[in-house]
Structures are given as C-alpha cells and as structure tokens.
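This report refers to the structure that appears directly beneath it.
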Amino acid sequence: MENKAPFDLNTVLDRLHNRRDFLKLFGKGLGYGALATALPGCSSSDDPAPPSPTIPQASAEYTALKRTSFGVHRDALSSIQQMGIDGYLEQQLNYTLIDDGDLEATIQSLFPLTSQSPAQLISGFPDNIYDVATQMIAATQYRQMFSQRQLYEVMVEFWSDHFNIHLVNGLGPTLKPEDDQQVIRAHALGNFRDLLRASAISPSMLFYLDNFFNIATAPNENYARELMELHTLGVDGGYTETDVKEVARCFTGWSMRFPGDPGGDYGTFVYVDALHDDGAKLVLQNTISAGGGQSDGEQVLDILAAHPSTARFIATKLCQRFISDTPAQASIDAVAAAFTQSGGDIKTCLRALFASDTFRNSADLKFTRPGEHLAGVIRALAPDTAYPSDQGQLFFFAQSILGHLPFYWPTPDGYPDEQSYWASTGGLLNRWRLSFFSFAGVIPEIDVFQIDYTTMLNGASTLASVVDAITDQVLMRPLSETDRRIVLDWLIAEQGVGENIPLTTGVPEQVSALVAAVLLSSAYFQLR
C-alpha cells in the first residue's frame, strides 16, 4: 500500500464524529460488545454489536491499584508490583506519611479560596460564588489527578457523596469549603462516629438540610430523616416515621451563627438551649431522658453509629465502590463485622474489604464514573506533566462533557455509583469525545496538556509497533489479539499503509494520539 503523507488526524476525527461510526468501531470489540448490547441505544437491528471476546484478565496488582485510585499511574503500578498489594495498600492507608506538600502548596497558590473560613468568604458574597465554585472543583480534580495519596482521595470522594451537600445553594458557597476541610478531609480515613458528629455540627450541613431553624415549637425533620436514611441506617434500616420525629426533637437548637451575630463568627456551630425541646424522647426503642440538652443529639449519634443497620449500610456502600454494583454478601458481612468490632474505624473496614478474594482477583466488575475517568485519562496520558496551568479549565470539560461535577449533585443522596446510571449511549459518546478532542496533542488549539507522544513510542515506526507501544504505555494491561487486530485493521484502512511498513517522519506521533484516544475510550480503560 502507498503511505499517505501527511497524516490528517482532523479528517479522521471528522469521519469518526457521528454515533454510528463510533458504534461500528467499538461494537466490533475493544471489550464493548457485551456491554454495548446491554445498553439502550447502543445497537440497532441493522447494526448489531456482537459480543466481543473476553477481556484478558488484568493482574491482581493492576486491579487493586485501579480500584483504590483515580486511575493507573505508571509509577504507582511499579510501586505496587515491587511492594506487593498488602504493602502498597497499607502505605496508602497511612496516608499522612506520604508527602504531598508540593501539590498542596500548588493548590493553595492557585485556589486560595478553598482554605478560607466562612467569615472570610462572606465578605465577598455573592460576587465570589463563581470563583469559589471553580476553585473548589479544580482543587478537588487536581488532587484526584496528581495526589500521591490516592486511596485517601478516593475516600474523600466517597464520603463527599455519602454526606452530600450541593455547593451552590443559598449561603452554601461560603460554608462548603470549610466542611470539605474540617469534616470530610479531616475524617476520611478516621472513625465513622467522629465523621458523623463533625457532619452533624457542620454549618454547611446545618444550612443545607435546614436544621439551623429546627426549633422546639416547630421541629424541622429534614436533617433527622437524611441522617437515618442516607448517613447511617439506610432506607430499610428499621426506623419509623415516629423515630424521624423523635430524632428531629433531639436536634432542636443545633444551629449556626449568621452574619452580624454578636455572639461569634459567621459560619460556626452554636447550640441554643432556649430553642431545644427538653422533653423525654424515644429513638429506636432507646429512651432519651428529659433535660439532656445538647446531649440528646449526641446520644442519637451514638445510637445510630453503633446500630447493626449502619454497619451493613456502610459496608454495602464500600463494597459497591471498591468491588462491584452487586458485591457478594460474604464481602459485605466481613466489612460490616469489621465496622462493628472496631467501633467504626474506617481503616479496619477497608482492610477487611481488601482481604476479599473478589476485590483482588475478579477484575472489570465496575464501570468508572465520569470524574474518575477524567482523572484516569490524565494519570495515564500525562503522568509526568507539571501541574496544569489552566487555572481550573478542566472544570468546564467535566461540566459540559461528562456531567459529574464535584459538589454539584442537587439532592442529599450524592452522585449514583451504578453502571446503569452512567453507561448510557450518550455517556459513552461523551467520554469518547473527551478522549479524542481534549487530549490529542496534534490539535494544539484544543489540547489542555501538550502530550509528547514521542517519549511513549520507544522507537516504534510502524502501525503495529505503535499500537503495541501505546498499549504498553497508556493502557498498561494486556489487549486481546482480537481487539489488537480490530485497532490495526481500522488504522490500516484510515492510513492506507501496511501494519509493518515504516511510516514517514512525524506520522508515528500522530498515530499515537489516535491510538491513545481509542484505548482510553475502550472498555479496557472504562472498567475496574
């Protein structure tokens, strides 16, 4: 065949831009066959997506790393291979010993509003809403992409969803930054009871769930209901409507200081005894005696944190995050037992989970959420790049393309963590567009990171050797021979040159960008 020169990636992208061409490519294989046939709209009677061959099993080290991070980084993969899974995970659990000082200094420099107190932020309200939102989101994304404390950041996201607070709601932008620091980040790998209390007295949560005006003469049940349904027992955890009312009574008088309060700084917790219902209460068959004051709420937190339904609920959510949407009951039971026996120690729960055979040896059971995909693309494609100078531009990609913006889920239940929500045809296409159009170094005007594909090639100069080199550098797991053939046949048709014919100068780098985008869009990369 005659080698085409120059290689026109823009033309190729134009030809791939419509949905049907995308589905024809991925419907043939790349791990998407079985997944695509299960998704609405991913196939049609005249263009079926036949089941693809089984994806080759990823190594236990790769699987453990993928499940405890925001994407496989080459250095991290080397570390877990050298240290072993147990050693690596224990290192990640002891996150305070991992130096992230440079990253934190960069975040404080670029996004200073994320560390300001409510009293500081209120002085610029409401003109600062956009800046606070952008900086909160960008700082979160930066940590997910570049932090060495990957397991810790995964747990920060987990608890942020569990104790979800929408960032932009009334005074929310002035309150959520401190909640992120003092509640979620301070307790993400600590004790659940401590985390639960920190959330209960967080002005951000008090404002979001309306407990700031929960008073004896007019109890507000919002926080009480979500405390049991979402934060502890779960919707089927055994509580009644009467329990909701009684818990609401226990938390009357738990409030926050507003601007101009002479008693203290705006955005701090305050208990107002005059607004508290001091009568006796009965919560989940536990009597709370009259006259307890603020301790009524503290007793409720003790009851809920120690309840068997809470252990099961938290264990189930952890197993769903780290193993699959439908984890084995044995795994859930092991984590629930660890929760109960340790008094809610989060590290102990995770150790029990990580000991599960399913966690280590059954790969590709979970579909990555969009934010995880975004971070994973960067960790794979630009792992050695300096901190981005985009001042948070990735915020716009996540918002307009992926639909998984940190702190932007509108209801208290947090972003869904099931494939059925995220793996729609449109969701897959948006990930594909992001891979092709945001990270293709040969299109500088839309490139966030200037990727040097030359360093990934290791001298590869043919279509076949480019595919192998980029698979090794970007995918970091085996590609089936069938799927490798699909990619090669597609490149041969597009480029018009045999797979083992040397390419003209500059073409291998351009083909690399295209191969990387295909692999990052494949099920190999989408699953963990």
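The values are calculated or read from the model by the stated rules, or taken from the named source; none is laboratory data. Given the structure is predicted, the values throughout are model-derived calculations rather than measurements. FYI the Cβ positions are ideal-geometry reconstructions off the backbone, even for glycines, and counts take in every protein chain you see. With ligands, DNA and RNA removed, areas are computed over all heavy atoms of the protein, side chains included. Shrake-Rupley method; radii C 1.70, N 1.55, O 1.52, S 1.80 Å.
Only one of (1) under 22 Å from the mean Cα position of the chain (by Cα); (2) surrounded by fewer than 16 Cβ atoms within 10 Å (Cβ to Cβ) fails for G87. Which number is that?
If we test G87 against (1) under 22 Å from the mean Cα position of the chain (by Cα); (2) surrounded by fewer than 16 Cβ atoms within 10 Å (Cβ to Cβ), just (1) comes out false.
Out of all the residues in segment 119-135, which are open to solvent by less than 20 Å² (accessible area, probe 1.4 Å) and of a type in the set (A, V, I, L, M, F, W, C)?
L121, V132, A133
Based on this model, can you work out whether I165 counts as over 30 Å from D75 (Cβ atoms), open to solvent by less than 10 Å² (accessible area, probe 1.4 Å) and of a type in the set (A, V, I, L, M, F, W, C)?
Spelling it out, I165 is indeed over 30 Å from D75 (Cβ atoms), open to solvent by less than 10 Å² (accessible area, probe 1.4 Å) and of a type in the set (A, V, I, L, M, F, W, C).
Only residues in segment 348-359 that are more than 14 Å from M155 (Cα to Cα) and open to solvent by 10 Å² or more (accessible area, probe 1.4 Å) count as the first member; pair them with residues that are of a type outside the set (A, V, I, L, M, F, W, C) and part of a helix (DSSP H, G or I), Cβ under 6 angstrom, at least 6 apart or cross-chain, and list the lot.
From residues that are more than 14 Å from M155 (Cα to Cα) and open to solvent by 10 Å² or more (accessible area, probe 1.4 Å), the pairs are S356/S331; T358/S331.
Tally up the residues in segment 249-275 that are surrounded by fewer than 22 Cβ atoms within 10 Å (Cβ to Cβ) and in a helix (DSSP H, G or I), please.
Residues flagged as surrounded by fewer than 22 Cβ atoms within 10 Å (Cβ to Cβ) and in a helix (DSSP H, G or I) within segment 249-275 amount to 3.
Which condition number does I288 fail, the rest of (1) aliphatic (A, V, I, L, M); (2) touching an Asp or Glu at 6+ places or on another chain (Cβ under 9 Å); (3) loosely packed, with under 15 Cβ neighbours inside 10 Å being met?
Condition (3) is where I288 drops out.
If only one of A38, A58 is over 30 Å from V168 (Cβ atoms) and either surrounded by fewer than 19 Cβ atoms within 10 Å (Cβ to Cβ) or at pLDDT 95 or above (or both), which one is it?
Sole residue among the options that is over 30 Å from V168 (Cβ atoms) and either surrounded by fewer than 19 Cβ atoms within 10 Å (Cβ to Cβ) or at pLDDT 95 or above (or both): A38.
Suppose we filter T242, T287, T340 for residues that are more than 29 Å from the chain's Cα centre (by Cα), in a helix (DSSP H, G or I) and of a type in the set (S, T, Y); which single one remains?
So the residue among T242, T287, T340 that is more than 29 Å from the chain's Cα centre (by Cα), in a helix (DSSP H, G or I) and of a type in the set (S, T, Y) is T242.
Determine, yes or no, whether F207 is open to solvent by 20 Å² or more (accessible area, probe 1.4 Å), of a type outside the set (A, V, I, L, M) and in contact with a strand residue (DSSP E or B) (Cβ under 6 Å, 6 or more places away or on another chain).
Answer is no for this residue.
Given the conditions (1) open to solvent by 10 Å² or more (accessible area, probe 1.4 Å); (2) at pLDDT below 90; (3) on the phi < 0 side of the Ramachandran plot, report the number of the one that I378 does not fulfil.
(1)
So D483 passes all but one of these: (1) charged (D, E, K, R); (2) open to solvent by 50 Å² or more (accessible area, probe 1.4 Å); (3) part of a helix (DSSP H, G or I); (4) modelled with pLDDT of 80 or more. Which condition number does it fail?
Checking D483 against (1) charged (D, E, K, R); (2) open to solvent by 50 Å² or more (accessible area, probe 1.4 Å); (3) part of a helix (DSSP H, G or I); (4) modelled with pLDDT of 80 or more, the one that fails is (2).
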